[in-house]
Ligand code: SF4
């Protein structure tokens with residue numbers, strides 16, 4: 001298996017699951033930073049053909065912190081709101097661990 005390491009600026013895939021993994025990592029890095037722990041994040045992906053393993057190294061940026069605060073505010077508004085929005089089924093939903101909660 002080939003192993004390729006890419007830096008965060010190369011992390012430009014727009015696949016929903018990659019973005020979900022990226023933001024989950026950013027959230028954990030942000031939580032750690034609030035505790036005074038500064039770390040570089042690391043995500044590993046194994047390609048579908050299992051011949052290439054891709055590792056993404058990620059450093060938390062100030063713009064990430066702004067966005068994560070914005071997302072948390074949106075989530076709090078959603079949780080505290082009265083209206084449950086309709087689920088929007090996308091291509092990557094079929095692979096999502098929460099699929100049954102959204103669509104079954
Ligand atoms: S299945 Fe639900 S939680 Fe998962 S990506 Fe789709 S909408 Fe989001």
Check: Using 7 Å Cα-to-Cβ label points, what is the residue 27/residue 98 separation (nm, one decimal)?
Finding: 0.8 nm
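Taking 0.36 nm per residue of sequence separation and subtracting the Cα-Cα distance, how much length would be gained by fully extending the chain between residue 80 and residue 47, in nm to one decimal?
Values: separation 33, 0.36 × 33 = 11.88 nm, distance 3.87 nm.
That works out to 8.0 nm of additional length.
Give the average over all directions of the projected area of the C-alpha convex hull of segment 51-104, one decimal, in nm². Could you put the intermediate results ahead of the total?
Details: hull surface 25.0 nm².
If I average the Cα hull's projected area over directions, I get 6.2 nm².
What FRET efficiency, computed as 1/(1 + (r/R0)^6) with R0 = 22 Å and r the Cβ-Cβ distance, is obtained for residue 63 and residue 37, rounded to the nearest 0.05? Don't skip to the end; give the middle numbers.
Working: r = 20 Å, r/R0 = 0.91.
Calculated transfer efficiency: 0.65.
The numbers here are math on the coordinates, done by the rules we state, and not lab data. What you are looking at is a predicted structure, and each value in this text was computed from that prediction instead of being measured. Note that we place each Cβ from the backbone using ideal geometry, even for glycine, and neighbour counts take in every protein chain shown.
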